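Here the structure comes first, spelled out in structure tokens, and everything after it is commentary.
Nothing in this text is a laboratory measurement; each read-out follows from the coordinates by a stated rule. This one's a predicted model, so the numbers in the text were calculated from it and none came from an experiment. Neighbour counts run over all protein chains shown; Cβ positions are idealised from the backbone, glycine included.
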Amino acid sequence: MTKSRNVRLPFASVLALALLNACSVNVTFGERPLSPGTDWVANSSSWADEANQVFEAATAYVLEATEARPAGSWAVVMDLDETVLNNVQYQVMLENDGKSYTPENWYEWTQEEGATLVPGSLWFINAVNSAGGHVAFVTNRRDREQLATENNLAKLGIVRGKDFRVLLTRASPQAPGDKDDRFSVVPNLLAVQGYPDVTVVAYVGDSVGDKPSDSGEAQFFCIDQGAMYGEPCAEVPGPGI
Ligand SMILES: [Mg+2]
């Protein structure tokens, strides 16, 4: 009897503890609500619809604006994150864990090469290349993230030399995020590849800094990133209105 009771009680306690543990995991994991912008990008088809519409408008503009230009004489400059690369999975992970962006956790995310495509972006890039334009990327991803970034792009069907000719990152650790200096060298970097006197006809980005402070006659197209990062260019970011 005594022996039997001694065996049963610890077993019951272990079982109870296991159940409690299981319950506590179920209650806390993934229970934090996402911010409205993140939820919109991650879960709403209207975000994808909006992105597709912006890229359709950008394509129509670019094709018309370059109709009379010889192939190879013009380019578009694009941001990467939340313009071509969709990192909402990273943001969802942070919010689920109650964390915020740090350069370290962002670096770890980039090394996974797991960003997906912003809807419409590959279609736009293909249209520009088919029409005889060049694609240049100017991103505030750091130089130490460049290799993983190019690998991530290649996994999504966007390959250096075939789909884009320039990719300028931001130098680690303290180079300015302002892109004007990098925008200004894009034509020169195309010239050394055998394409002199290239005109940039359009910029595409998700933040106000994704176009030059003086963009001349070039048109800017804004992807709504749901106010997840930086200074969004959308007038009413996220589901809005
Ligand atoms: Mg961006």
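Ranked by the mean number of other Cβ atoms within 10 Å of their residues, highest first, the peptides 79-92, 126-139, 47-60 come out as 79-92, 126-139, 47-60. Taking all Cα pairs closer than 8 Å and separated by 6 or more residues, the relative contact order of the chain comes to 25 percent. Shown for the chain are the DSSP H helices of 27 Å or more along their axis, judged by Cα atoms, with a mean Kyte-Doolittle hydropathy of at least -0.5: 2-28, 45-65.
Here segment 73-199 carries DSSP beta bridges of which approximately 15% are antiparallel, counting only pairs with both residues inside. Global dimensions of the chain from alpha-carbon coordinates: Rg and Dmax equal 23.5, 97 Å.
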